[in-house]
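Rule-based calculations on the coordinates, nothing more; no lab input. What you see is a predicted model, and the numbers here were worked out from it, not measured in a lab. Here Cβ is always computed from backbone atoms with ideal geometry, including for glycine, and neighbour counts include all displayed protein chains.
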Amino acid sequence: MQHGSGEQIAPHCIILTLLYNSISTTALLIVENDMTTANATPVLEMRGISKRFGAVQALQNVDFNVYAGEVVGLVGDNGAGKSTLVKCIAGIHPIDSGTIQFEGRPVTINGPKGAVALGISTVYQDLALCDNLDVVANLYLGREEIHKIAPGVVGTIDEVKMEKRAISVLRGLSVSIPSVRTLIASLSGGQRQSVAVARSVMWKPKLVLLDEPTAALGVAQTRQVLDLIARLREQGLAVVIISHNLEDVFSVADRITVLRLGRFAGTFGVRDVTHEQVVGAITGAEFGTLESYPGQPLMEEPKTV
Ligand SMILES: Nc1ncnc2c1ncn2[C@@H]1O[C@H](COP(=O)(O)OP(=O)(O)O)[C@@H](O)[C@H]1O
Ligand SMILES: [Mg+2]
């Protein structure tokens with residue numbers, strides 16, 4: 001089954017605005033997934049993943065896993081395949097080969113809706129929030145709560161219920177914004193990104209994917225978002241963060257997985273590795289780095305945490 005991609009959000013904003021203006025509604029499917037507690041099986045385990053775009057081998061035989069209650073930083077140079085890997089997990093790109101297990105079960109991720117149904121939530125680099133709508137509307141984009149009036153009768157949007165839940169979710173994540181009725185356009189970059197992250201956990205996912213969530217942010221706002229990511233881990237979620245900024249990755253991640261030229265180049269516990277060693281794996285200068293840090297394993301198989 002073919003599904004639309006994340007790029008379809010923008011027209012949706014227009015539809016949603018019209019929806020709000022006319023207070024006409026459609027039946028909307030709300031997919032709820034139960035949160036599971038941490039266990040020894042990875043939430044996501046990918047083995048031997050390959051993906052080619054024409055002449056470009058974007059991913060070749062990549063292994064990747066992430067556990068509940070863990071933040072994994074996915075790093076690598078430009079073009080290393082980070083976004084492609086995340087898009088394969090998010091159901092945007094079908095994989096060419098390899099296996100995917102979700103909570104120990106072999107799965108095929110059938111499009112973005114298939115990923116969401118499994119409990120995978122993605123925050124893309126370009127935010128994908130609607131500036132002209134308030135925080136509540138953005139948190140519920142496409143999944144509004146509907147008053148059920150009577151069978152067969154089209155209901156109205158339950159603003160009160162939505163507002164209450166929005167406040168509770170933001171409070172649970174310690175996201176501070178002036179009001180849930182503030183328009184996205186008048187929030188700071190850090191607040192917007194926090195709303196985007198909060199939206200990703202509205203429907204109780206098990207795995208949250210964040211592609212460069214701090215790329216456009218200043219120091220203080222970056223801290224705000226990294227703290228929020230740490231709270232997702234505290235809530236037992238499995239989190240994958242792509243970032244160019246190794247400082248950010250070291251400050252928030254438990255493990256760092258490196259891709260280089262589309263291949264798996266190592267997974268490291270943040271406490272067992274230096275910045276230089278990670279840079280070595282990113283650039284392929286690992287042998288020189290290894291001599292500089294004797295006794296510390298540089299490349300290793302993915303860890304079982
Ligand atoms: N949709 C696509 N069509 C063709 N080539 C792509 C597409 N997406 C990514 N690529 C190519 O795949 C490689 C990996 O890209 P990407 O996953 O975006 O890397 P990263 O996120 O690590 O910078 C690059 O050579 C890129 O040009
Ligand atoms: Mg990218």
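For the reader, a short list of remarks on this structure follows.
- Using a cutoff of 8 angstrom between alpha carbon atoms and counting only pairs six or more residues apart, the relative contact order for region 125-229 works out to 33 percent.
- Annotation for region 141-175 versus region 75-123: alpha-carbon center distance of 29 Å.
- One chain, two ends: His275 and Asp131. Fully extended at 0.36 nm per residue, the span grows by 48.1 nm beyond their Cα-Cα distance.
- For region 40-283, DSSP calls about 50 percent of its internal beta bridges antiparallel.
- Across Lys113/Lys204; Lys113/Lys161; Lys51/Lys82; Lys82/Lys206; Lys164/Lys206, pairs whose alpha-carbon gap is larger than 18 Å: Lys113/Lys161; Lys82/Lys206; Lys164/Lys206
- Region 227-275: chymotrypsin sites (Phe, Trp or Tyr not before Pro) in DSSP coil with no more than 16 other Cβ atoms inside 10 Å: none
- Amide hydrogen proximity for His93: with H placed 1.01 Å from N in the peptide plane, the residues at 5 or more positions away or on another chain lying under 5 Å are Cys88.
- Computed extension gain for Ser186 through Ser251, at 0.36 nm per residue and net of the alpha carbon distance, reaches 20.5 nm.
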